[in-house]
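Structure first, then comments.
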Amino acid sequence: KVENFVRSINAGKDLKAFFEIKKIVKEIKPDIIHLHSSKAGALGRWAFNGHKIPMFYTPHGYSFLMRDYSSAKRIVFKFIEIISAKRFCTTISCSEGEHQETLKFTNHATYVDNGINIFEMDRQLEGVKAAFHPFTVFTLGRICYQKNPTLFNQIAEAMPEVNFLWIGDGEMRGELTSSNIEITGWADRKSALMKSMNADVFMLTSLWEGLPISLLEAMYIKKPCVVNNVIGNRDVIHNGENGFVCNEVKEFVEAIRESRGDTAQMYAEKAYQDVLEKYNTNVMAKKYTQIYGGGYSIT
């Protein structure tokens with residue numbers, strides 16, 4: 001554990017964290033250094049020399065794309081990424097869309113799509129069966145700015161005849177005012193899966209994503225997926241092939257109505273097959289083994 005890691009920029013804490021991670025690496029003498037997310041990615045790429053120990057960095061959603069920060073902060077974050085990308089390090093993005101952003105800074109880059117542990121999912125789903133329920137559109141996660149509860153609420157208001165379910169809780173639950181929205185509050189894993197199984201359509205209204213695990217899990221349990229048109233979402237869901245990618249309330253409403261039909265079930269089956277073939281931890285492990293072993297290609 002790095003005791004001085006904090007989410008926001010803090011000159012004093014960040015300087016302490018810089019020397020703390022150098023001390024940790026000196027003690028454990030790793031064969032590989034893999035940095036995750038923006039703060040670790042920035043400090044780590046300057047603390048270490050990738051020529052001595054192979055070094056990798058995964059952004060998990062670039063901070064300069066996060067729209068809950070001011071324009072000035074996002075410019076600073078982007079500048080930090082640009083100069084840090086000049087260090088000897090390979091960036092491994094978690095989606096193709098994130099990879100395309102990376103290529104604007106460096107050619108020392110590749111990507112490995114996020115994936116879920118399907119064997120663990122099967123274990124958790126054992127004995128969980130869908131019961132009779134009214135047609136329900138659901139999402140899962142923290143009710144925060146990134147997940148765009150305002151848009152979720154607007155869609156619910158446009159479809160008063162449909163039940164909407166938000167599995168989770170968060171600081172912006174006050175935005176979910178439509179009378180046909182149910183908020184579960186925080187739920188344990190088993191309960192969240194049961195509620196997901198007893199719903200019909202998964203909807204993700206996020207303003208930005210890396211590659212969302214909740215989406216991959218919904219695909220695996222064969223729920224038609226209706227998602228906002230942002231990086232991460234559109235890397236996995238391809239409109240008219242394995243789900244619906246939308247840009248505005250009207251498109252979400254149309255997609256949800258289409259999700260009642262046979263075509264949407266065909267999309268859901270295709271999405272399920274995509275998880276089996278691409279978006280799982282077995283595939284991730286094979287790709288990381290190749291990359292860590294030096295068999296990666298620079299694109």
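Taking the condition closer than 30 Å to ASP274 by Cα and either crowded, with 21+ Cβ neighbours inside 10 Å or touching a residue at least 24 places away in the same chain (Cβ under 8 Å) (or both), does ILE92 pass? Judged against the criteria, ILE92 is a match.
Name the residue that is surrounded by the most Cβ atoms within 10 Å (Cβ to Cβ), counting only residues in segment 1-47 that are assigned by TED's automatic domain parsing to the domain that holds ILE80 and aromatic (Phe, Trp, Tyr). Selected residue: PHE18. With the structure loaded, tell me whether TYR267 is aromatic (Phe, Trp, Tyr) and farther than 15 Å from TYR220 by Cβ or whether it fails that test. Taking the combined requirement at face value, the residue does not satisfy it. For segment 154-173, the set of residues classified as part of a helix (DSSP H, G or I) and either surrounded by fewer than 17 Cβ atoms within 10 Å (Cβ to Cβ) or not assigned by TED's automatic domain parsing to the domain that holds ALA192 (or both) consists of GLU157, ALA158, listed by residue number.
If we keep just the residues of segment 102-152 that are in a loop (DSSP other than H, G, I, E, B) and free of Cβ contacts under 8 Å to residues at least 24 places away in the same chain, which is farthest from the chain's Cα centre (by Cα)? Outline the logic, then answer.
Of all residues in segment 102-152, those in a loop (DSSP other than H, G, I, E, B) come to 103-108, 112-115, 117, 126-135, 141-144, 148.
Applying the additional criterion that residues be free of Cβ contacts under 8 Å to residues at least 24 places away in the same chain yields 104, 106, 126-127, 132.
Working: LYS104: 21, THR106: 22, GLU126: 25, GLY127: 27, PHE132: 30 Å.
Among those residues, the one meeting the criterion is PHE132.
Take the conditions surrounded by 14 or more Cβ atoms within 10 Å (Cβ to Cβ) and hydrophobic (A, V, I, L, M, F, W, C) and apply them to ILE83. Does it pass? So ILE83 fails the test. Go through the residues of segment 48-56 one by one and say whether even a single one is modelled with pLDDT under 95, farther than 30 Å from VAL236 by Cα and either in the same structural domain as PRO212 (by TED's automatic domain parsing) or of a type in the set (A, V, I, L, M) (or both). Yes.
Looking at HIS34, is it within 19 Å of ASP113 (Cα to Cα) and at pLDDT 95 or above? Talk me through it step by step, then tell me what you get.
Numbers: within 19 Å of ASP113 (Cα to Cα): yes; at pLDDT 95 or above: yes.
Yes.
If only residues of segment 174-199 that are loosely packed, with under 15 Cβ neighbours inside 10 Å and touching a residue at least 60 places away in the same chain (Cβ under 8 Å) are counted, the one that is farthest from LYS147 (Cα to Cα) is LYS190. Quick check on SER63: is it of a type in the set (S, T, N, Q), in the same structural domain as GLN100 (by TED's automatic domain parsing) and farther than 22 Å from GLN290 by Cα? Yes; evaluated as a whole, the condition is true for this residue.
Quick check: is even one residue across segment 250-258 without any contact (Cβ under 8 Å) to a residue 24 or more places away in the chain, over 28 Å from LYS190 (Cα atoms) and under 19 Å from the mean Cα position of the chain (by Cα)? No, that holds for no residue. Within segment 262-299, if we keep just the residues that are outside any helix (DSSP H, G or I), modelled with pLDDT of 95 or more and not charged (D, E, K, R), the residue that is farthest from PRO212 (Cα to Cα) turns out to be ASN280.
Condition check ((1) surrounded by 21 or more Cβ atoms within 10 Å (Cβ to Cβ); (2) touching a strand residue (DSSP E or B) at 6+ places or on another chain (Cβ under 9 Å); (3) among the acidic types (Asp, Glu)) across all residues:
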{"site": "PRO224", "(1), (2), (3)": "yes, yes, no"}
{"site": "VAL227", "(1), (2), (3)": "yes, yes, no"}
{"site": "GLU251", "(1), (2), (3)": "no, yes, yes"}
{"site": "MET266", "(1), (2), (3)": "no, no, no"}
{"site": "LYS278", "(1), (2), (3)": "no, no, no"}
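The values are calculated or read from the model by the stated rules, or taken from the named source; none is laboratory data. Being a predicted model, the structure only gives us computed values, none of them experimental. Quick reminder, even Gly has a Cβ in these numbers, built from the backbone with ideal geometry, and neighbours come from all protein chains shown.
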